[in-house]
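Everything on this sheet refers to the single structure shown next.
The values are calculated or read from the model by the stated rules, or taken from the named source; none is laboratory data. Not measured: the values here are computed from a predicted model. Using ideal geometry, Cβ is built from the backbone for each residue, glycine included, and neighbour counts are taken over all protein chains shown. Side chains are part of the model used for accessible areas, which takes the heavy atoms of the whole protein and leaves out ligands, DNA and RNA. Shrake-Rupley method; radii C 1.70, N 1.55, O 1.52, S 1.80 Å.
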Amino acid sequence: MSARSMLTHSPRTGASGDATPVPFLLGTDPLPTPWEGGTTPRVWSARVTEYAERAAADAWLLDGDERARAQAFVREADRDRYRVAHVVLRRLLGAYLSQDPAAVELVREPCPGCGGPHGRPAVAGSPLHFSLSHSGDLALFAFAETPVGVDVEAEPSPEASAEVAAVLHPAERAELAALPPAARPASLARCWARKEAYLKGIGIGLAEDPSVTYVGAGPDPADPSGWSLADVPVPRGYAAACAVRTEVPGGPLPGPGRGVRPR
């Protein structure tokens with residue numbers, strides 16, 4: 001089942017009652033019940049400005065490394081964004097895994113490119129995969145039984161859009177060039193969110209040149225081999241996507257949580 005059909009079969013729908021997948025919103029929807037399996041990835045969102053005060057009060061949930069990283073930010077907005085993302089992540093993981101959120105042990109899987117300890121984040125010993133992303137005032141979280149990546153991007157300026165477009169896959173560059181100039185920033189954000197979601201899912205991030213894998217800049221994403229991509233509805237001014245692994249050539253899906261503590 002593809003990510004698009006998996007998300008479409010989520011019980012959440014758009015205001016019109018159609019099958020548009022809408023992320024659960026922390027603070028509006030209750031925390032989830034323990035994970036019961038299934039093929040559907042669960043996607044959550046949080047508004048940084050709405051959750052910042054709560055996250056500051058809940059900073060005790062973070063481990064020592066997370067607290068140190070939060071305090072290292074010079075700008076309060078950056079500190080709030082990081083703290084909200086990681087507090088909410090722990091709240092959701094704790095609910096899904098029936099654990100104390102503060103006791104959830106986060107590790108890094110080996111990088112599939114070089115073997116170093118900077119691959120996908122994971123929960124030690126858990127079969128649940130997750131991914132998080134944040135941009136501007138929005139944080140996004142995805143959970144699945146197979147490797148998953150999620151990304152949210154704020155729409156860039158026309159100048160930044162033109163600069164980033166130059167590093168995309170040739171077919172993506174052509175798709176963007178065919179659009180009216182005013183439509184290019186939104187399409188660029190959509191394409192980049194798809195690309196980052198996939199690259200985060202496979203665990204190498206931008207270690208792969210953005211021109212290598214085609215994910216599309218048009219209305220519908222293109223699925224890389226072994227993966228399924230779906231656009232995720234987010235507020236105006238943002239674009240988001242979720243990537244889910246569907247198969248691994250020559251073998252079963254590896255389980256998560258076999259990594260090392262992040263340094």
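Would you kindly work out the equivalent ellipsoid of the chain from its C-alpha gyration tensor and give its semi-axes, the square roots of five times the eigenvalues, largest first in whole Å?
Working from the Cα gyration tensor, I get semi-axes of 27, 21, 20 Å.
Give the share of C-alpha pairs in each 5 angstrom bin for segment 37-118, from 0 to the last occupied bin, in whole percents, shortest bins first.
3, 14, 20, 20, 19, 15, 7, 2, 0
What is the list of residues in segment 24-61 whose amide nitrogen lies under 18 Å from a point 7 angstrom out from the Cα of GLU76, following Cα to Cβ?
48-59
Might you report the magnitude of the Cβ-based charge dipole of the chain about its Cα centre, with Lys and Arg at +1 and Asp and Glu at -1, to the nearest 20 debye?
Using Cβ point charges on Lys, Arg, Asp and Glu, the chain gives about 340 debye.
Give, rounded to the nearest 20 debye, the magnitude of the charge dipole that segment 84-193 has about its Cα centre when Lys and Arg contribute +1 at Cβ and Asp and Glu contribute -1 at Cβ.
140 debye
Rg to Rh ratio, segment 121-249, alpha-carbon atoms and Kirkwood radius?
0.97
Which percent of the accessible heavy-atom area of segment 64-128 goes to carbon and sulfur, probe 1.4 angstrom?
Percent of accessible area from carbon and sulfur atoms in segment 64-128: 51.
So, counting K/R as plus one and D/E as minus one, what does the shell of residues with Cβ under 15 Å around VAL164 add up to?
Result for the local shell: -4.
One-quarter of the Cα convex hull surface for segment 197-241, in nm²?
3.6 nm²
Kirkwood hydrodynamic radius, segment 162-231, all distinct C-alpha pairs: what's the number in Å?
12.0 Å
Looking at segment 89-150, I'd like the Rg to Rh ratio, where Rg is from alpha-carbon atoms and Rh is Kirkwood's inverse mean 1/r.
The Rg/Rh ratio comes out at 0.98.
Equivalent-ellipsoid semi-axes (√(5λ), Cα gyration tensor) for segment 96-197, whole Å, largest first?
34, 16, 11
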